[in-house]
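Note sheet for the following structure.
FYI, it's all coordinate maths here, none of it is from the lab. What you are looking at is a predicted structure, and each value in this text was computed from that prediction instead of being measured.
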Amino acid sequence: MTPAPLPPASPAPARPLRVLGIETSCDETAAAVVDGDRTILSDRVLSQTGVHKPYGGIVPEIAARAHLDHLDRLIREALDEAGLGLGDIDAVAATGGPGLIGGVMVGVMAAKGIALARGLPFLAVNHLEGHALTPRLTHGLDFPYLLLLVSGGHTQLLVVEGVGRYVRLGTTIDDAAGEAFDKTAKLLGLPYPGGPAIERAAGTGDPGRFALPRPMVGRPGCDFSFSGLKTAVRHAVAALPAPLAGQDVADMAASFQAAVAAAVTDRCRRAIALFRERHAEGGALVVAGGVAANTALRTALERLAAAAGMPFIAPPHRLCTDNGAMIAWAGIERFRLGQRDDLAFAPRPRWPLDPTAPKAIGAGVKA
Ligand code: KG4
Ligand code: ZN
């Protein structure tokens, strides 16, 4: 009897993997479709900045409601822009944390609903992993590399050694860098978000006028601290005639920005040395997060990387700040490794990328 013919080998995939990514952990509602060839087929981001502006910061409850109001539409727009239907998607990824829990729940529930209705795999992505893997999407960067993540919620230095393999070298012991910009802007009467406003004001200011502290500079390790700097600004402002003159604001903004750049550069110098202890060859210094848009900081870091003989990589600004494409990409990377998450996944307000990292001394609620 002739044996039954073997079933045909599973056909080579006719097209690259396509993943829908959803981001709702902070104040951006975002949905994107990315494929395994590193093509961003669509990338919709709705910023809530205007909604939170009157409060001078993000109000979690208002953020969660705004995600709820807009996410469905953004997902539809992302699929339309990609020219795809849900039937053309291979998996759904959503930020599962860390972040403002109400917002994370909105994104995770939407992703689970789609996954369940369409029988698609679901991936709960660590938001920080989304940032950490972005240079592989934008630049096809190989592991390992050093990542400086400086946003409104996070300030971390990580060695990225592989998908799911992160070594945290440092984090903030108090405020995040972006938070320091936002709080300092408030002290100077500048609008929210403070980073761009401070950078604009600093353009006509003298960075040498106020001798502000350079927090942590020269201290061992790679941790950050910004609350002392903010306090020093408050004291310096109190010593000036009120209301502040335009030039005083500009000089203070420039002095503050210079202090942040010096402090962050010092921490990165140490991190590069630690990176070199682990990896004698290769590597790159990558920046991500909203604060990475700051030109004074970028210039200082570019110089540092050049002196260390390391390429300096800054993904395009749109992909440095929160977006759905980074979540879709992290989903693709994990999917390829056979990872999937259960629909019972519970959103996580805290979710450190490197659970073995010691807690920074004085660390508060930051992940
Ligand atoms: O990554 P991001 O858009 O949102 C999250 O925090 O997740 O970062 C926003 C932060 C805000 O604190 C904002 O003030 C800061 O990035 N930022 C800047 C600049 N643009 C945005 N900080 C300094 N200089 C800038 N040009
Ligand atoms: Zn972020």
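What is the helix-to-structure angle for 325-336, meaning the angle in degrees between its Cα long axis and the longest Cα principal axis of the chain, kept from 0 to 90 and rounded to the nearest 10?
Taking the Cα atoms of the chain, the angle to 325-336 is about 40 degrees.
D for the stretch 158-208, whole µm²/s, Stokes-Einstein with Kirkwood Rh over alpha-carbon pairs at 4 °C and 1.567 mPa s: what number?
Details: Rh = 13.1 Å.
The diffusion coefficient I find is 99 µm²/s.
Between Val34, Val106, Val163, which gets the highest mean-square fluctuation from a Gaussian network model of the chain, Cα cutoff 10 Å?
Answer for the Gaussian network model of the chain: Val163.
Under a 5 Å amide H to amide H cut-off, with H placed in plane at 1.01 Å, what residues pair with Val34 once short-range neighbours are removed?
Val19, Gly21, Leu41
Kirkwood hydrodynamic radius, computed over distinct alpha-carbon pairs, for the stretch 40-138: how many Å, to one decimal? Walk me through the numbers before you get to the answer.
Details: mean 1/r = 0.0681 Å⁻¹.
One decimal place: 14.7 Å for the Kirkwood radius.
Return the Rg/Rh ratio of the stretch 174-267 with Cα-based radii and a Kirkwood Rh.
0.95
Measure nothing fancy, just the Cα-based angle from helix 246-278's long axis to the longest principal axis of the chain, in degrees from 0 to 90, nearest 10.
50 degrees
From the backbone phi of the stretch 54-65, what are the Karplus-calculated ³J(HN,Hα) couplings (6.51 cos²θ - 1.76 cosθ + 1.60, θ = phi - 60°) in whole Hz, Gly and Pro given as x?
x, 9, x, x, 7, 9, x, 5, 5, 4, 4, 5
What is the Rg over Rh value, at two decimals, for the stretch 198-323, using alpha-carbon atoms and the Kirkwood definition of Rh?
On the way: Rg = 16.2 Å, Rh = 15.8 Å.
Here the Rg-to-Rh quotient is 1.02.
How large is the helix-only mean residue ellipticity at 222 nm for the chain, computed as the sum of -39500 (n - 2.57) over DSSP H runs with n ≥ 4, divided by its residue count, in deg cm²/dmol to the nearest 500?
Values: 11 runs with 152 residues, N = 367.
Dividing the helical sum by the residues of the chain leaves -13500 deg cm²/dmol.
Where both partners of a DSSP beta bridge lie in the stretch 143-316, what percent of those bridges are antiparallel, to the nearest 5? Intermediate results must be reported in sequence, preceding the final value.
Working: 12 of 19 bridges.
Restricted to the stretch 143-316, the bridges split so that about 65 percent are antiparallel.
Taking the 0 to 90 degree range and rounding to the nearest ten, how far is the long axis of helix 101-118 tilted relative to the main principal axis of the chain, both from C-alpha atoms?
10 degrees
Work out how much length His235 to Met109 would gain on full extension: take 0.36 nm times their residue separation and subtract the Cα-Cα distance, in nm to one decimal.
Answer, rounded to one decimal: 40.8 nm.
Taking N as the number of residues in the stretch 9-70, what is its Cα Rg relative to 2.2 N^0.38 Å? Don't jump to the answer; show the numbers that get you there.
Values: Rg = 16.7 Å, N = 62, 2.2 N^0.38 = 10.6 Å.
That works out to 1.58 for the stretch 9-70.
Taking one equal scatterer on every alpha-carbon of the stretch 80-151, how large is log10 of I(q)/I(0) by Debye at q = 0.20, 0.22, 0.23 1/Å?
Per q value, in the given order, log10 I(q)/I(0) is -0.98, -1.04, -1.07.
Normalise the Debye intensity by I(0) for the chain, one equal point scatterer per Cα, no solvent, then take log10 at q = 0.11, 0.14 Å⁻¹ and round to two decimals.
After summing over all Cα pairs, the log10 values are -0.75, -1.15.
Could you give the distance between the Cα centres of the stretch 33-88 and the stretch 262-277, to the whole Å?
35 Å
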